[in-house]
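Below: one structure, written as structure tokens.
Only the coordinates and a few stated rules stand behind these numbers; no lab work does. Owing to the predicted nature of the structure, the values given are computational and were not obtained by experimental measurement. Virtual Cβ from ideal backbone geometry, glycine too; neighbours counted across all protein chains shown.
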């Protein structure tokens, strides 16, 4: 059974809304994944620094960011 133009317009609007919702969920999940990677990178680097000499225990934001990017790339691959 063919849809009337009005029904087809409603289907198209519903599909567009659903696509926007899915895109929003994907973006939110990507942010959560990134935050989890940063948290994990920070914890790992700080824990690893404990085994170093006191004067070389520096963990910088750059170190955390680089490691987090590596984790995200690994998970996304």
* For the chain, what's the relative contact order in percent, using C-alpha pairs closer than 8 Å and at least 6 residues apart? -> 31 percent
* Asked: Between residue 75 and residue 44, what is the label-to-label distance in nm when each label sits 7 Å out along the Cα-to-Cβ direction?
  -> 1.1 nm
* Distance in nm between label sites at residue 58 and residue 31, each 7 Å beyond Cα in the beta-carbon direction? -> 3.3 nm
